[in-house]
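The values are calculated or read from the model by the stated rules, or taken from the named source; none is laboratory data. These numbers were taken from a predicted model, which means no experiment stands behind them. Accessible surface areas use protein heavy atoms only, side chains included; no ligands, DNA or RNA. Shrake-Rupley method; radii C 1.70, N 1.55, O 1.52, S 1.80 Å.
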Amino acid sequence: MKLIHSAFLLVFLQFGSLEGRKGWRSGRGNPQPRRAQQSPPTRDRAEAGVEESFSLDFTAVGEGNMDDFMAQIKNLAQSLYPCSSPNIKHEMRLHSLENTSVVCNDGTPAGYYLKESKGSKRWLIFLEGGWYCFSKENCDTRYDTTRRLMSSTGWPQTKIGTGILSSHPEENPYWWNANMVFIPYCSSDVWSGASTKSHKSDYAFMGSLIIKEVVKELLTKGLDNAKVLLLAGSSAGGTGVLLNVDRVAEQLQEMGHKGIQVRGLSDSGWFLDNKQYRRTDCVDTINCAPTEAIKIGIKYWNGVVPERCKQQFREGEEWNCFFGYKVYPALRSPVFVVQWLFDEAQLTLDNIHLTGQPVQEGQWLYIQNLGRELRNTLKDVPAMFAPACLSHEAITRSYWMDIQVKGTSLPRALHCWDRSLHDNNKNNKNPPKGCPVHLIDSCPWPHCNPTCPTIRDQFTGQEMNVIQFLMHMGFDVQKMAQQQGMEPNKLLGMLSSGS
């Protein structure tokens, strides 16, 4: 009761000054991403159906809406409760799957990390990324060099979430109080495999089955009472979202949980099946063209793809469904796509290796064209965030709140998408006013967006601004200014400001 009294006292102390500032209204524009921002506007949360609380909107009483105001008081009290508890837990704890037949590549138990949030009806399940392997030879190499991506041996008992997995509202303003689940990637199959370890294969590939078992177990831990399940992932995990989001929705419906809204968040998993800058033999993961690797891998893993996508291609061509722009139109579940226009992993697959040496003119043209191609494949995706940056992965990075496209931060864009889905409308035809969900940079060069993550010189470790970076890559200001029909100084000014 002391807590509730404190909440009321805070309200009435501040309410006394309300009459003197009736004209005040809380900001409704796109917020700048600031570390000090503790919470988003109350009304945004109310519209999103979020049960966690935010700062009070004292205009509610002035507008004659007492019910809304009292609901805010209740939310304030709820938000103060965890702050008053010295034993609040921020760690996700490791759980091994009860079904011991579903395993990592080497046969060790698969599992997941869980941080429960009592009272929250929102769940976030995150699929880790980490490339893949597609033959005994490169799987053996992977096992020797990055064993944690093929085995659960040595996994820590706890894990602290970052970015969208953080339980701190200053780092994760809209999802901090959700139930958090992190599924480590130990199947090397882009979360698609359904193949057991046998005398014919030294490795099991059970990515799709691991997701299925995790969801099944979570139903006994509170997921059965959920309103929203967000299946998220980065890199190979981002592609895994596209391959599995509909299957998770169908699994829950078949088990009688039709009220759970399943959504997808694919980060840095929207790869292109484009022609490499320089073709190389398909001998290892890095140098093999993505189309060739997936063609081989889907057979090696006994890979499973969404049925609606599979039906669009002839038998033996199911590999097409691993590429975002081909699988997305077949999906029933709403999916938000986060994709750097100059994705480092895509460039690596295309044999553009930025080793610190200035790139050749042909490479520079290839990089620019990659941005145009990615932008073109995303133009019909209603909910997406695509900055013109050279990077890979975003939603679990510490800087994920700082990135903006057209003045809107990534967390804000995801929140706007959340709000737009209340009518369960995948096409998002009528997003909330002033709350954009289709955000893509139009500037043509890597890091022409001034909010891009910091670039460091690979040799000196020093930070580089956008002009230094472009010069470092062999950017010819004089020639590019001539192509754009402007003076070099004007072009440099535009680059400096991110125009």
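Things worth noting here:
- Remark: segment 214-228, residue by residue, has Karplus-estimated 3J(HN,Hα) of 4, 4, 4, 5, 5, 4, 8, 10, x, 4, 4, 9, 6, 9, 10 Hz, where x stands for each Gly or Pro and the curve is 6.51 cos²θ - 1.76 cosθ + 1.60 at θ = phi - 60°.
- Two-decimal Rg/Rh across segment 96-147, once Rg and the Kirkwood Rh are taken from alpha-carbon atoms: 1.10
- Tensor-based shape of segment 135-262 (alpha-carbon gyration tensor, a/c under 1.5 rounded, otherwise prolate or oblate): oblate
- A convex hull fitted to the Cα coordinates of segment 305-416 yields 141 cubic angstrom per residue.
- Accessible area of D224 (1.4 Å probe, protein heavy atoms only, ligands and nucleic acids ignored): about 60 Å².
- Across segment 86-172 the C-alpha pair distances fall into 10 Å bins from zero in the proportions 14, 39, 30, 14, 3, 0 percent.
- Long pairs among K136/K295; K295/K326; K275/K295; K275/K479, criterion Cα-Cα beyond 19 Å: K275/K479
- Compared with the direct C-alpha span, the chain from Q157 to E315 gains 52.6 nm at full extension, assuming 0.36 nm per residue.
- Heavy atoms of Y325: accessible area, 1.4 Å probe, square angstrom to 10: 80 Å²
- For segment 299-344: rounded, prolate or oblate by the Cα gyration tensor [a/c cutoff 1.5]: oblate
- Contour minus Cα-Cα distance for E116 and E361 (0.36 nm per residue): 83.0 nm
- Entry note, segment 129-285: relative contact order of 22 percent, from Cα contacts under 8 Å with a spacing of 6+ residues.
- Distance distribution P(r), segment 204-319, all Cα-Cα pairs, bin width 10 angstrom from 0: 12, 38, 32, 13, 4, 0 percent.
- Rolling a 1.4 Å probe over the protein heavy atoms leaves K379 with an accessible area of roughly 110 Å².
- Computed lengthening from K258 to R332, 0.36 nm per intervening residue step minus Cα-Cα distance: 25.2 nm
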